[in-house]
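Each remark here refers to the structure printed beneath this line.
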Amino acid sequence: MTGDEVSTQNFGLIEWYDYNRKGSGFAERLRYLDIKLSDWLFRAIDAAEVLPIAKEYFRLRRPLDRRVYEIARKHCGAQATWRISIDKLQRRAGSKQERKHFAAHLRGMVQTNHLPDYALTLEGEHAVFWRRGVGARAATSAPAEIAAQQSVERRILISSAAIEQLYEIAPRWDRHRLEHLYIEWARTKETARSEDARFLGWVRSYTKGKPAP
């Protein structure tokens with residue numbers, strides 16, 4: 001505002017977008033999506049001024065898991081380890097649930113060890129994040145059980161193309177739930193020659209004759 005004149009400007013990270021869909025309801029499929037970033041955001045990316053995140057972040061289904069990862073990514077970064085009290089972590093995560101339920105959620109994350117980039121442990125009243133694969137320093141400082149778990153852990157990744165086929169194989173089922181159930185099942189199995197093929201076969205068998213929940 002200058003004098004008696006007011007000037008208002010709008011700013012967005014996305015300048016424009018265009019997408020096309022085909023079908024309707026559960027059979028609807030995205031054909032293409034074009035996005036043009038704002039010049040400001042593009043310059044920030046080009047100058048490496050934007051903090052990157054792991055692509056596996058988008059496979060995290062629970063919002064709280066995503067938020068915990070975001071906090072670890074910002075504060076732990078490339079360090080070998082980062083420690084924060086459970087109470088402070090809950091405040092930063094913005095979780096409104098009771099403290100005991102938040103702590104139980106963290107214990108579940110420790111057991112599944114599914115966060116990208118970081119392993120999580122609980123030590124008393126603190127949560128400790130360990131950077132995966134940062135070399136000897138992390139290997140000597142991380143707890144033995146985490147190191148052992150990482151040595152046998154394998155990532156079970158299903159392509160977006162396979163997920164898209166669920167519209168035809170199990171049109172009324174929750175795709176994310178099916179993916180989660182399959183991953184839990186596949187953890188105890190040998191590595192598949194084609195994870196996508198085994199996933200689709202498992203879905204056909206699991207959903208056959210069953211009504212969608």
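Rule-based calculations on the coordinates, nothing more; no lab input. What you see is a predicted model, and the numbers here were worked out from it, not measured in a lab. All Cβ positions, even for glycine, are placed from backbone atoms using ideal geometry, and neighbour counts span all protein chains on display.
Some notes on this structure:
- Estimated 222 nm signal from helices in the chain, with DSSP H stretches of n ≥ 4 weighted -39500 (n - 2.57), rounded to 500: -12500 deg cm²/dmol
- Which of LEU89, ILE53, ALA27, positive extreme of dipole for the stretch 23-124 (C-beta unit charges): LEU89
- Whichever lysines have a C-alpha closer than 21 Å to that of LYS96, once near sequence neighbours (fewer than 8 apart) are set aside: LYS88
- Charges were assigned to the Cβ only: +1 to each Lys and Arg, -1 to each Asp and Glu. The resulting dipole of the stretch 160-207 about its Cα centre is roughly 140 debye.
- Magnitude of the charge dipole, the chain, Cβ model with Lys/Arg +1 and Asp/Glu -1, debye to 20: 940 debye
- Candidate values (i) 0.92; (ii) 1.04; (iii) 0.99, label of the one derived for Rg/Rh (Cα atoms, Kirkwood Rh): (ii)
- Sites HIS180 and LEU122, calculated FRET efficiency, Cβ-Cβ separation with R0 25 Å, nearest 0.05: 0.60
- Spacing of the two label points (7 Å from each Cα toward its C-beta) at LYS22 and GLN79, in nm: 5.0 nm
- Summed residue charge, Cβ within 10 Å of SER159's Cβ, Lys/Arg positive, Asp/Glu negative: -3
- Summarising the label geometry, the points placed 7 Å from Cα in the beta-carbon direction at ARG43 and ARG29 lie 4.1 nm from one another.
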